[in-house]
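Take a look at the structure below.
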Amino acid sequence: MEEKYKQQAEMGLKNRGFCLRTIEKYLSGLTKFFDHVKEDPEKVKLLDIQEYHRYLYEKRKLANSTVNIEMASIRFFYTSIIKQGWDHTYIPRMKIKKIKPVILSAEEVAGLLNEINNLKYRTLLMTIYSTGIRPHE
């Protein structure tokens, strides 16, 4: 990717308040895309983007969420930097499989809590469990 486009993309991402890790992922995704298509960014066709999308999930076998991030970087570039439209019907987001959580039975929870000998830690874990608090993703 040409340096001028990289700088424009980086500035656009920073101006929108993207975090540093997201900026790095987007710039990396754009670099991979333009290395793959070997075309001037303003001459890239919809077919090139669709082919790259297919390449990511069929040939590289990336997870759907990873494909979505890669495509989000390209969408950002074309809608915000190049100022072109983006039709979601031609370049759809991949469906993300939701993993159902494992739910322990009341007996299993009681057994786990009873294994904790330290009263302070047992009380803490019982409080956390009873409030239904969940880890931040």
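The values are calculated or read from the model by the stated rules, or taken from the named source; none is laboratory data. This structure is a prediction, so every number in the text was calculated from the model and none was measured. Cβ: placed from backbone, ideal geometry, glycine included. Neighbour counts: every protein chain shown. With ligands, DNA and RNA removed, areas are computed over all heavy atoms of the protein, side chains included. Shrake-Rupley method; radii C 1.70, N 1.55, O 1.52, S 1.80 Å.
Within the range 1-27, can you find the residues that are basic (Lys, Arg) and farther than 16 Å from MET71 by Cβ? LYS4, LYS6, LYS14, ARG16, ARG21, listed by residue number. Which number in (1) in contact (Cβ under 8 Å) with a residue 12 or more places away in the chain; (2) open to solvent by less than 80 Å² (accessible area, probe 1.4 Å); (3) of a type in the set (D, E, K, R) marks the one condition that LYS97 misses? Just one mismatch for LYS97, condition (2). In the range 77-90, the residue that is farthest from GLY12 (Cα to Cα) out of those that are touching a helix residue (DSSP H, G or I) at 6+ places or on another chain (Cβ under 6 Å) and open to solvent by less than 70 Å² (accessible area, probe 1.4 Å) is TRP86.
Taking LYS14 as the residue in question, decide whether it is without any contact (Cβ under 8 Å) to a residue 40 or more places away in the chain, in contact with a helix residue (DSSP H, G or I) (Cβ under 7 Å, 6 or more places away or on another chain) and open to solvent by 50 Å² or more (accessible area, probe 1.4 Å). So LYS14 fits the description; yes. Residue check: is ILE74 out of contact with any strand residue (DSSP E or B) (no Cβ under 8 Å at 6 or more places or on another chain), in contact (Cβ under 8 Å) with a residue 60 or more places away in the chain, open to solvent by less than 60 Å² (accessible area, probe 1.4 Å) and of a type outside the set (Phe, Trp, Tyr)? No; evaluated as a whole, the condition is false for this residue.
A quick yes/no check of all residues on (1) over 30 Å from ARG122 (Cβ atoms); (2) in a loop (DSSP other than H, G, I, E, B); (3) under 20 Å from the mean Cα position of the chain (by Cα):
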residue: GLU10; (1), (2), (3): yes, no, yes
residue: TYR26; (1), (2), (3): yes, no, yes
residue: GLY29; (1), (2), (3): yes, no, yes
residue: LYS32; (1), (2), (3): yes, no, yes
residue: GLU39; (1), (2), (3): yes, yes, no
residue: SER65; (1), (2), (3): yes, no, yes
residue: LYS83; (1), (2), (3): yes, yes, no
residue: LYS97; (1), (2), (3): yes, yes, yes
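Taken over the range 1-42, the criterion of being closer than 14 Å to ILE82 by Cβ and of a type in the set (Gly, Ala, Ser) is satisfied by ALA9, GLY12.
Pairs meeting the criteria (first residue in the range 17-42 and without any contact (Cβ under 8 Å) to a residue 24 or more places away in the chain and closer than 13 Å to SER73 by Cα, second residue open to solvent by 40 Å² or more (accessible area, probe 1.4 Å) and among the aliphatic types (A, V, I, L, M), beta carbons under 9 Å, at least 6 apart or on different chains) are THR22/ILE69. The set of residues in the range 17-32 being open to solvent by 50 Å² or more (accessible area, probe 1.4 Å) and either in contact with a His (Cβ under 9 Å, 6 or more places away or on another chain) or aromatic (Phe, Trp, Tyr) (or both) consists of PHE18 alone. Condition check: under 19 Å from LYS32 (Cα atoms) and surrounded by 10 or more Cβ atoms within 10 Å (Cβ to Cβ). Does ILE128 satisfy that? No; evaluated as a whole, the condition is false for this residue.
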